[in-house]
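One structure is given below, encoded as structure tokens.
The values are calculated or read from the model by the stated rules, or taken from the named source; none is laboratory data. From a predicted model like this one, the values you see are computed outputs, not experimental measurements. All Cβ positions, even for glycine, are placed from backbone atoms using ideal geometry, and neighbour counts span all protein chains on display. SASA here: full protein model, heavy atoms, side chains in, ligands and nucleic acids out. Shrake-Rupley method; radii C 1.70, N 1.55, O 1.52, S 1.80 Å.
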Amino acid sequence: MDGGVELTAFLVNESRARRPELAQDPLAAHWIPDAQRDQVRQLWDEYADEVYPHDDLVVSLRGRCIVDLLSEALERNPETVLLVCGAGFTSYPWLRRFPVAIEADLPRIIEAKQRRLAELVAAGVVDDRPVEHRAVDLADPAARRRLVDHVRTVAAGRPVVYVVEGVIFYLPDAEARAVAGLGAQFGPGTVSAVSYWPVAAADNPVLAAQRGWFRRRGVPESASYLTVDDIAAAADAKVDNESPEQLQQRYLGEVSVAEWGLIPEHIAVARS
């Protein structure tokens, strides 16, 4: 399997496949090619042993929260357009029906997603839906501008729901803030869901363990940490924040693992 940030993409699917009732993503496991399933499971188990054993909880909670936000957006306006940045092998355009969806990620991931999508459509596992794939380096300001211009053209005045998941903490600080605030450029009615690591969690011991694990696999150790105020300023909107403990309380009725024992990924929701 390729090294670098790309290797984490399938770990998300494996995590959600291990908590199907919580994640509500029946397609999660299907994105992993058959030839790589054993390798992905082994990688996940290694990550659990060396970093923490609760990635299935954190990633499934994150996905469930986003799916619920997508449902709410479509209930308000069925013509809403979906943009997912850092799309990886997530299933959002097939979990809820949008008139058009755009998935953006690094070129290697987009190429792999398109190949696997063609296989799943041919096998009848997923519908052939109006989903466009865009290869974008989110760290490149010019590439971000082109993406924004394209989304505006496609949306043609319709509201946009913007999801940026599991990516901005890999970007330098200025780029992280810019990507967090892209939704502000799509006009009234935009809903943004941004997953991030809060400044207060910079010393989290699980993140320290993850840095060592990433270092050995070619993923940059540096990370960006933001505050709710940072995201509100970038999004130019009021932000509602969801912590892992709040999400556990909402979906499980209790906090089974304290945030200090988890990757402290929060979700900020901004509505313009």
Restricting to the stretch 200-232, what's the tally of residues that are in contact with a helix residue (DSSP H, G or I) (Cβ under 8 Å, 6 or more places away or on another chain), open to solvent by 20 Å² or more (accessible area, probe 1.4 Å) and either more than 29 Å from R271 (Cα to Cα) or not in a loop (DSSP other than H, G, I, E, B) (or both)? 6
Within the stretch 125-149, how many residues turn out to be assigned to a loop (DSSP other than H, G, I, E, B), more than 17 Å from P93 (Cβ to Cβ) and open to solvent by 30 Å² or more (accessible area, probe 1.4 Å)? 3
Filtered residues of the stretch 99-115 (kept if open to solvent by 30 Å² or more (accessible area, probe 1.4 Å) and outside any loop (DSSP other than H, G, I, E, B)): P107, R108, E111, Q114, R115
Tell me, yes or no, whether the stretch 249-257 has at least one residue that is at pLDDT 95 or above, more than 16 Å from Y162 (Cα to Cα), more than 17 Å from the chain's Cα centre (by Cα) and of a type in the set (G, A, S). yes
Mind checking which residues of the stretch 57-98 are charged (D, E, K, R) and buried (at least 21 other Cβ atoms within 10 Å of the Cβ)? R62
In the stretch 155-178, residue nearest to the chain's Cα centre (by Cα) [restricted to those that are in a helix (DSSP H, G or I) and buried (at least 16 other Cβ atoms within 10 Å of the Cβ)]: I168
Going through the stretch 238-272 one residue at a time, which ones are part of a loop (DSSP other than H, G, I, E, B), of a type in the set (A, V, I, L, M) and open to solvent by 20 Å² or more (accessible area, probe 1.4 Å)? V255, V257, A258
